[in-house]
Amino acid sequence: MATSSDTVYLTTAQAIIRWLSNQFIQIDGQEMRLCGGGFGIFGHGNVTCLGEALNSARDELPLYRGQNEQSMGFAAAGYAKQWLRQRFMFCTASAGPGTANLLTAAGLAHANRLPMLMLCGDTFITRLPDPVLQQMENFSDPTFGVNDAFKPVVRYWDRITHPAQVLQSLPNAIATMLDPADCGPAFLGLPQDVQGWTYDYPVKFFEKKVHRIRRQAPDADEIADAAVALTQAKRPMIIAGGGVQYSKAVSELTSFAETHQIPVVETIAGRANLLATHPLNIGPIGVTGSDSANAIAEKADVIVAIGTRLQDFTTGSWTAFAKDAQFISLNAARHDAGKHMSLPVVGDAKLSIAALGEAVDYRAPDSWVSLAREERSKWDAYVAENVSYGNRPNSYAQAIGVVNDLCDPRDRVVAAAGGLPAEVTANWRTLDIGTVDVEFGFSCMGYEIAGAWGARIAQKQQEPDQDTITFCGDGSYLMLNSDIYSSVLSQMKLIILVLDNGGFAVINKLQNNTGNESFNNLIADCPTIAEPFGVDFAAHAASMGAATEKVSNPAELAEAFKRAKASDKTFVIVMDVDPYEGWTTEGHAWWEVGTPHVTENEKVRQAHVDWEATREKQRRGV
């Protein structure tokens, strides 16, 4: 590279990596790089130019070798969640199928509002060698390719067609990823020729920059409207979402609830906003919630929703609340703050909670708070029985109870897809703030291990003596397990519980609950499988370098978990669980799913009638 007094002559790829390595952020008084590094799988579309640049910055931006592009994206999401969206990782993949494999991960990051930067190979901008290897030719629009498929699933998208464009595109991408309202994945398509093209970049562009995440103050009139509504409440309730943690507003939430004696329920993303033992924590709400939270939700007349997008598993497809209940929504994003004719308070959660607290002189009626606590006490008793074990089949809940009893309060717990998110949400008793990651925004099978790997990389930078524990079903394991190998290679220890129920058991349960016969979900119920058999998950995980054990029951699981905690490398514990018995049967709000309006199957017809009977409780947009 060449330099003058005010410019430096670099390739596009070199400029991108040099700029990224000079972006910093201050977190809790400590200055660190904004980008924690990246995950990469090289191919011809990114190895020669971007690979050269990354190798030169290997100390500043460590690159973790991926095994699967989708899992790299999941790992980046897990990393960003652990850092509460204050730091991110990039993912780089080659042109064509390598990049296409990141689409699902981009959707996960978008749904969960998580920052992730994708630096992906693209076809040649000159088109001189077209059609090239792995190019998808569009006969009517030669500019339209695989990378355009990312436009619906990212918050920022650009294709770099000239080296100078990164001068604007990189700051725009970072600004998007750090914006509390617009936060999400950013995608930069890097044509193979442009990556190596050169430009005289201003030296000033690469100067160190320390970023801050904006805290938007709420509008005074919106606070005033919210205060009027809240002071008129007879049965108020707070729904605490994941945005509370991203805003670092847990102490403000706790103080607000205690001052005004308002019961708090948690969304799936908001699990671990309050300790399980907090007297105002009434439990998780919604489809995978608790009887306690759902009982007060249907009676509440004013609902303060903080940092939640109010998705269907929170709202019971909008049947969980009284039709005339008034919502007050505190949210950084205007799109979320106005749902269902909420009184919107658009702003940072930390600042908005404080402003609303100052604006109201109010305390919820003692009788309402007592009722909420009574409901929580009953739910606690149910959970205690549900997670206990003895003379009955192995269940998810029992495994969750074992880990909950033996883990350290600061250990991180991860779950994502199948039946485990519901079981963890309902049965896990929060031991410390911000220690639960149930990925149920996109609910992606395969996040369990890959996301946990990314979370552990971040956790090791923050709390190296703690563990990342992930609950994984057999279906998710078979879909994406290669980051067991990644975790061993990178010395990022995970504790992985593989709970084997012989297939997609929770979807089999839904199938049965809607009147249908078991079909194509459990391995034993697949007509195309002549001789069903199970997988030796312990042996498979051992082949990737993990320590493994197969246990027969929760008592054995407890002893194995103790050994896993003492281990210095990834430890996989496998236990069979019953696909039919042992599900958490309480705590479920209604969930809208499509059922056949016409069928010759009487069981399916009756299930449709029964399912639709609850629709009368559904709020219709107001």
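The values are calculated or read from the model by the stated rules, or taken from the named source; none is laboratory data. If you're wondering where the values come from, they're calculated on a predicted model, not measured in any experiment. Neighbour counts run over all protein chains shown; Cβ positions are idealised from the backbone, glycine included. Just so you know, the surface numbers come from the protein's heavy atoms only, side chains and all, with ligands and any DNA or RNA stripped out. Shrake-Rupley method; radii C 1.70, N 1.55, O 1.52, S 1.80 Å.
In summary, no strands (runs of 3 or more DSSP E) completely within segment 1-96 bear 2 or more residues that are open to solvent by less than 10 Å² (accessible area, probe 1.4 Å) and in contact with a Pro (Cβ under 7 Å, 6 or more places away or on another chain).
Residue-level check: of (1) touching a helix residue (DSSP H, G or I) at 6+ places or on another chain (Cβ under 6 Å); (2) over 25 Å from residue 199 (Cα atoms), residue 31 misses just (1).
Looking across segment 163-219, the residues that are β-branched (Val, Ile, Thr) and more than 24 Å from residue 127 (Cα to Cα) come down to 174, 176, 203, 210, 213.
Please verify whether residue 182 is modelled with pLDDT of 95 or more, more than 21 Å from residue 11 (Cα to Cα), assigned to a loop (DSSP other than H, G, I, E, B) and open to solvent by 50 Å² or more (accessible area, probe 1.4 Å), treating the condition exactly as stated. In short, yes. Pairing each residue of segment 582-605 that is in contact (Cβ under 8 Å) with a residue 12 or more places away in the chain with any residue that is assigned to a loop (DSSP other than H, G, I, E, B) and open to solvent by 90 Å² or more (accessible area, probe 1.4 Å), provided the two are 6+ apart or on different chains, yields C-beta distances under 8 Å for 582/392. Only helices (runs of 4 or more DSSP H) whose full extent lies in segment 335-413 are considered here, and the ones with at least 3 residues that are over 27 Å from residue 248 (Cβ atoms), more than 23 Å from the chain's Cα centre (by Cα) and without any contact (Cβ under 8 Å) to a residue 24 or more places away in the chain are 366-387.
Filtering segment 433-456 to residues that are closer than 26 Å to residue 388 by Cβ and at pLDDT 95 or above leaves 435, 436, 437, 438, 448. Among the residues of segment 97-123, those identified as open to solvent by less than 10 Å² (accessible area, probe 1.4 Å), within 22 Å of residue 81 (Cβ to Cβ) and assigned to a helix (DSSP H, G or I) are 105, 106, 107, 108, 109. Quick check: is even one residue across segment 170-177 polar (S, T, N, Q), part of a helix (DSSP H, G or I) and either surrounded by 14 or more Cβ atoms within 10 Å (Cβ to Cβ) or touching a residue at least 12 places away in the same chain (Cβ under 8 Å) (or both)? Yes, there is a match, as at least one residue in segment 170-177 is polar (S, T, N, Q), part of a helix (DSSP H, G or I) and either surrounded by 14 or more Cβ atoms within 10 Å (Cβ to Cβ) or touching a residue at least 12 places away in the same chain (Cβ under 8 Å) (or both).
Within segment 415-432, residues that are at pLDDT 95 or above and open to solvent by 10 Å² or more (accessible area, probe 1.4 Å) have Cβ atoms under 6 Å from residues that are assigned to a loop (DSSP other than H, G, I, E, B) and of a type in the set (Lys, Arg) in these pairs: 432/410, counting only partners at least 6 apart in sequence or on another chain.
Scanning for something under 30 Å from residue 401 (Cα atoms) and open to solvent by 70 Å² or more (accessible area, probe 1.4 Å), does segment 602-611 turn up at least one residue? Working first, answer last.
Residues of segment 602-611 under 30 Å from residue 401 (Cα atoms): none.
No, segment 602-611 contains no residue that is under 30 Å from residue 401 (Cα atoms) and open to solvent by 70 Å² or more (accessible area, probe 1.4 Å).
With respect to the conditions (1) crowded, with 24+ Cβ neighbours inside 10 Å; (2) under 23 Å from residue 309 (Cα atoms), residue 471 lacks only one, and its number is (2).
If you go through segment 115-123 one residue at a time, do you hit one that is touching a residue at least 40 places away in the same chain (Cβ under 8 Å), of a type in the set (Gly, Ala, Ser) and within 28 Å of residue 18 (Cα to Cα)?
From segment 115-123, those touching a residue at least 40 places away in the same chain (Cβ under 8 Å) are 115-123; that's our starting set.
Within this subset, residues satisfying the condition of being of a type in the set (Gly, Ala, Ser) are 121.
Filter again for within 28 Å of residue 18 (Cα to Cα), leaving 121.
Yes; the residues of segment 115-123 include at least one that is touching a residue at least 40 places away in the same chain (Cβ under 8 Å), of a type in the set (Gly, Ala, Ser) and within 28 Å of residue 18 (Cα to Cα).
Among the residues of segment 206-264, which ones are of a type in the set (Asp, Glu) and either without any contact (Cβ under 8 Å) to a residue 60 or more places away in the chain or open to solvent by 60 Å² or more (accessible area, probe 1.4 Å) (or both)? Let's see the steps before the verdict.
Filtering segment 206-264 for residues of a type in the set (Asp, Glu) gives 207, 219, 221-222, 225, 252, 258.
Within segment 206-264, 207, 219, 221, 225, 258 meet the criteria.
Would you be able to tell me the number of residues in segment 342-387 that are within 29 Å of residue 577 (Cβ to Cβ) and open to solvent by 40 Å² or more (accessible area, probe 1.4 Å)? Walk me through how you get there before you give the answer.
Within segment 342-387, the subset within 29 Å of residue 577 (Cβ to Cβ) is 375-387.
Right, trim to open to solvent by 40 Å² or more (accessible area, probe 1.4 Å) and you get 377-378, 380-382, 384-385.
The total comes to 7.
Residue count for segment 290-312 satisfying the condition of being farther than 25 Å from residue 223 by Cβ and small (Gly, Ala, Ser): 4. Sub-8 Å Cβ pairs linking a first residue in segment 133-162 that is at positive phi to a second residue that is open to solvent by less than 60 Å² (accessible area, probe 1.4 Å) and outside any helix (DSSP H, G or I), at least 6 apart or interchain, are 134/45; 134/94; 134/95; 134/96, ordered by first then second residue. Against the conditions (1) modelled with pLDDT of 95 or more; (2) more than 19 Å from residue 92 (Cα to Cα); (3) open to solvent by 10 Å² or more (accessible area, probe 1.4 Å), residue 144 satisfies every one except (1).
Would you confirm, using the coordinates I've provided, whether residue 272 is aliphatic (A, V, I, L, M), modelled with pLDDT of 95 or more, within 20 Å of the chain's Cα centre (by Cα) and over 21 Å from residue 347 (Cα atoms)? Lay out the reasoning, then the answer.
Working: aliphatic (A, V, I, L, M): yes; modelled with pLDDT of 95 or more: yes; within 20 Å of the chain's Cα centre (by Cα): yes; over 21 Å from residue 347 (Cα atoms): yes.
Against the criterion (aliphatic (A, V, I, L, M), modelled with pLDDT of 95 or more, within 20 Å of the chain's Cα centre (by Cα) and over 21 Å from residue 347 (Cα atoms)), residue 272 qualifies.
The set of residues in segment 185-205 being open to solvent by 10 Å² or more (accessible area, probe 1.4 Å) and either under 18 Å from residue 23 (Cβ atoms) or of a type in the set (Ser, Thr, Tyr) (or both) consists of 198, 199, 202, 203, 204, 205.
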